[in-house]
Each structure stands twice: as C-alpha cells, then as structure tokens.
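Undergrad: To start, I am sharing the structure in question, which I have written as structure tokens.
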Amino acid sequence: MNRHMEFERLHNFRDVGGYPAVGGRPVRRGRLYRSDSLGKLRGEDWDRFLALGIGTVIDLRYDWEIAAKGRVPEAPGLRYHHLGIEHRPYDQAALGPEVETGRFLADRYAEVAHDGAVELRRALEVIAAEDSGPVVFHCASGKDRTGLLAALVLSLLGVAEDDIVADFALTELATERLLADWRADHPGQGPVWPGYGRAPADIMRFFLADLAAAHGSVHAYATEFLGVGEDVVEALRGHLLEPAG
C-alpha cells in the first residue's frame, strides 16, 4: 500500500492513520503524519501542507541540521516543537559496505530510545495533547528517528507489530528520491554504504524485540522508562483512534 502523499520536494510524507488498533478501532486519518524534513517546504508544496490543517510540528533533528537545512516556515496557529531525540551523531553515508543494515540501525535506534528519553516523552505528550490539532513529526529523511517515534505511538495505540513494521518499511518507496537529494547535496559523489536510505523490515523487528527484551514491552518502556503517564496513553488513544462502536 502506498500511503505517501504527493509533494514535489517532500519524498516521505504520509498519513499514519488507518491501521487497526486496540479494540479493533482504527487509527484516525488526517490526525497524525510523518515526514522527511519540512525545511524543504515552499511554493505549491507549502500550499498543500497548509491545506491539511496541521496544528503542530515536531522536529526531531539536531540543532545543526536545522541551522543547515532550515525548519518548517512559520504560519498563524502552527505550533513548532524542536525535540532532538538523537544524541550520538554518525554519518550513515560513510559507513563501510560490510555494515549490516538491520542489526546496525536497530542498535542505533536502541541508543536513541534511551539517550532521548526526555525528548521522546515530551513528543508523546505533545501528540496526546487535545489542543495539538493534527500533528506531523519529522527528521531529515523521515526514516530512522521518525520511524522510531511512529513505532512507539502506533504500539501504544495497540497497532499490531506486523502493521508497525510494514509502516516503517514504506520508506523503501521513497529511497530513490532520498538518495537523489543526497547526491544533489554532494555533487559527483555517492554514499559508500549500500544501506543508506533503505528501510528493510528487519530493522524495526530487531528494534521492537530488543525494546521488549530490555523493558518487557513497549508500553512498559514508555510508562516506566520514559515516565509517560497512563493518562497520556489514554489521551493518545482518545485523540487518535476512531470512537468505539
């Protein structure tokens, strides 16, 4: 299934709604989006973005990424939260071809899940807030940091692991365009690492299994390690799931 929404400069913008969740209630469409960098928005893309009625943007990137690439433009009523969840920068494009994609990135996700506890808790609270309106969260490519947060939200909503993994792997449909962006920024070069821009399903399967092994479940990780209150979990479900019955 292709959930990608059409933009000229954004390659990985999609609605997270539609998946069956707790009690068989589907995730509401038009309430939660994930994306690559919104600093690329301009022209007709900006008009398309505004037409979605988004009320809150969560930017998961480093300060230096925002300084280099820009942030979402300002607009009346649009709330912006900068919550950089990754604390150990590394250059994916420069990794050697011997680095196995799934295991390597799952280990990086585990680092982010623990290093970025404060920011991840705040991101979940922002998404759950009744006055946030439709929310979009993003990093640079909309794959790793964005994929991690999407997995946490969907898991707390009671979405099945297979659907969470499938949602993550949809970035594969954007890989070629993300690679084209990288090459445009690095004329005459190509990434050394064959895994750059890739989103094979085993990354997310490894990560979710590791999180469950370390904490018992994603729910326990969120409530006991991150400190997310049960009221926030219930607010997420109330805000993002279709009404029962």
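The values are calculated or read from the model by the stated rules, or taken from the named source; none is laboratory data. The model shown is predicted, which means the values in this text are computed figures rather than measured ones. Using ideal geometry, Cβ is built from the backbone for each residue, glycine included, and neighbour counts are taken over all protein chains shown. The area values use the complete protein model at the heavy-atom level, side chains included, leaving out ligands, DNA and RNA. Shrake-Rupley method; radii C 1.70, N 1.55, O 1.52, S 1.80 Å.
Undergrad: Counting only protein heavy atoms, what percent of the accessible surface of the chain is carbon or sulfur at a 1.4 Å probe?
TA: C and S atoms contribute 52 percent here.
Undergrad: Right, here's the next one. Within region 139-162, name every residue whose backbone N is under 19 Å away from a label modeled 7 Å from Cα of R42 along the Cβ vector.
TA: 140-141
Undergrad: May I pose another question? If we count GluC sites (Glu not before Pro) as exposed when they sit in a DSSP loop and have at most 13 other beta carbons within 10 Å, what is the longest stretch of the chain that avoids them all?
TA: Counting only loop sites that pass the neighbour cut-off, the longest clear stretch is 101-245.
Undergrad: Of all chymotrypsin sites (Phe, Trp or Tyr not before Pro) in region 1-59, which ones are in loop regions per DSSP and have a Cβ with at most 11 other Cβ atoms within 10 Å?
TA: In loop regions of region 1-59 (DSSP not H, G, I, E or B), there are no sparsely surrounded chymotrypsin sites (Phe, Trp or Tyr not before Pro).
Undergrad: Among P134, V159, G147, which residue has its Cα furthest toward the positive end of the charge dipole of region 127-167, with +1 on Lys/Arg Cβ and -1 on Asp/Glu Cβ?
TA: G147
Undergrad: Something else about it: Solvent-accessible area per residue for the chain at a 1.4 Å probe radius, Å²?
TA: Accessible area per residue: 43 Å².
Undergrad: Treating the beta-carbon of each Lys and Arg as +1 and of each Asp and Glu as -1, no other charges, what is the dipole magnitude of region 172-245 about its Cα centre, to the nearest 20 debye?
TA: With Lys and Arg at +1 and Asp and Glu at -1, about 320 debye.
Undergrad: Here's a follow-up. Can you give the translational diffusion coefficient of the chain in µm²/s, computed by Stokes-Einstein from the Kirkwood radius over Cα pairs at 4 °C and 1.567 mPa s?
TA: 71
Undergrad: Projecting each Cα onto the charge dipole of the chain (Lys/Arg +1, Asp/Glu -1 at the beta carbon, about the Cα centre), which of A214, A184, V27 comes out farthest on the positive side?
TA: Of the options given, the answer is A184.
Undergrad: Another question, if that's okay. Could you size up the charge dipole of the chain around its Cα centre, putting +1 on the beta carbon of Lys and Arg and -1 on that of Asp and Glu, and report it in debye to the nearest 20?
TA: Result for the chain is approximately 420 debye, rounded to the nearest 20.
Undergrad: Please give the FRET efficiency for E111 paired with M5, using the beta carbon to beta carbon distance and R0 = 45 Å, rounded to the nearest 0.05.
TA: My answer for the efficiency is 0.90.
Undergrad: What relative contact order, as a whole-number percentage, does the chain give when Cα pairs under 8 Å and 6 or more residues apart are counted?
TA: So the answer I get is 27 percent.
Undergrad: Further, regarding this structure: Where in region 54-68 does the amide nitrogen come within less than 15 Å of the point 7 Å from the Cα of H82, taken along Cα to Cβ?
TA: Output list for this probe position: 57-68.
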